[in-house]
1. Once the convex hull of the C-alpha atoms of the range 97-142 is built, how many Å³ does it hold per residue, rounded to a whole number?
2. Working from Cα positions, state the angle (0 to 90°, nearest 10) between the long axis of helix 2-12 and the longest principal axis of the chain.
3. In square angstrom, what is the accessible area per residue of the chain with a 1.4 angstrom probe?
4. Leaving out ligands, DNA and RNA, what percent of the accessible area of the chain is carbon and sulfur, probe 1.4 Å?
5. Output the Cα-based Rg and Dmax of the range 125-178 in Å, rounding Rg to one decimal and Dmax to a whole number.
6. Give the Kirkwood hydrodynamic radius (Å, one decimal) of the chain, defined as one over the mean of 1/r across all pairs of different Cα atoms.
7. Around residue 96, under 11 Å between beta carbons, what's the net of Lys plus Arg minus Asp minus Glu among the other residues?
8. Give the Debye-formula value of log10 I(q)/I(0) at each listed q (0.14, 0.17, 0.21 Å⁻¹), with one equal scatterer per alpha carbon of the range 1-78, two decimals each.
Amino acid sequence: MKQLFDIYHSIRSLISHAVVRAIYDDGAEQQLDLNIHAGQTRTRVPVHFPFGFSSHAPLDGAVTHVISTGGDPSDLMALPPSNPAAARLGDLAEGESVLYDSAGQRLIFRDGAVAEIDVVGQLIVQVKGSPILTLDETGISIKGNIHATGDVTTDKTSLNNHIHGGVQAGGAKTTPPQ
């Protein structure tokens with residue numbers, strides 16, 4: 001029975017809950033200062049994010065789990081920190097996913113049918129680092145040409161099916177579309 005307890009204790013001590021005291025996000029690898037157990041602190045513990053994903057959790061209330069690599073408490077690795085104190089976007093249906101930030105901005109994938117984007121200020125789409133599409137409360141700004149394979153309509157006026165009054169041959173100007 002003692003051997004079983006020793007194995008259990010060894011496995012259990014590989015992972016610890018930690019309170020995040022500082023986040024360093026200025027290098028190739030994010031690092032954390034942590035309070036692991038009462039009176040135990042660790043500095044500059046590397047965080048291991050999945051490839052293609054990165055975040056910087058709000059510090060006030062941030063927590064994480066720390067893994068002792070090979071059972072060595074001096075060789076630590078932290079999971080990406082979370083912050084239960086920050087507003088988590090919940091109430092998702094089965095199969096839905098969301099990316100969100102502390103300001104309430106979000107990208108929601110709704111069950112394979114809708115991708116919903118909600119921003120606080122502007123939505124900017126860039127190609128090679130240059131903005132080509134900007135959306136905000138005032139409207140849409142597009143850099144470059146617009147090519148449409150179908151009709152384009154403004155209010156009730158169709159570009160393909162509108163008429164002009166007062167058409168005359170030569171260089172005369174027409175009246176606006178009717």
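The values are calculated or read from the model by the stated rules, or taken from the named source; none is laboratory data. A quick note: this is a predicted structure, and the numbers were derived from the prediction, not measured. Neighbour counts run over all protein chains shown; Cβ positions are idealised from the backbone, glycine included. With ligands, DNA and RNA removed, areas are computed over all heavy atoms of the protein, side chains included. Shrake-Rupley method; radii C 1.70, N 1.55, O 1.52, S 1.80 Å.
1. On the way: hull volume 4.8 nm³, N = 46.
Expressed per residue, the convex hull around the Cα atoms of the range 97-142 is 105 Å³.
2. 30
3. Numbers: 13470 Å² over 178 residues.
Here the residues of the chain average 76 Å² of exposed surface.
4. On the way: 7410 of 13470 Å².
Roughly 55 percent of what the probe reaches on the chain is carbon or sulfur.
5. Both quantities, over Cα of the range 125-178: 16.4, 47 Å.
6. On the way: mean 1/r = 0.0455 Å⁻¹.
Taking every pair of different Cα atoms in the chain, averaging 1/r and inverting gives 22.0 Å.
7. Values: positive: 110; negative: 91, 94, 111, 116.
Taking every other residue near residue 96 into account, the sum is -3.
8. The computed values of log10 I(q)/I(0) come out as -0.50, -0.68, -0.94.
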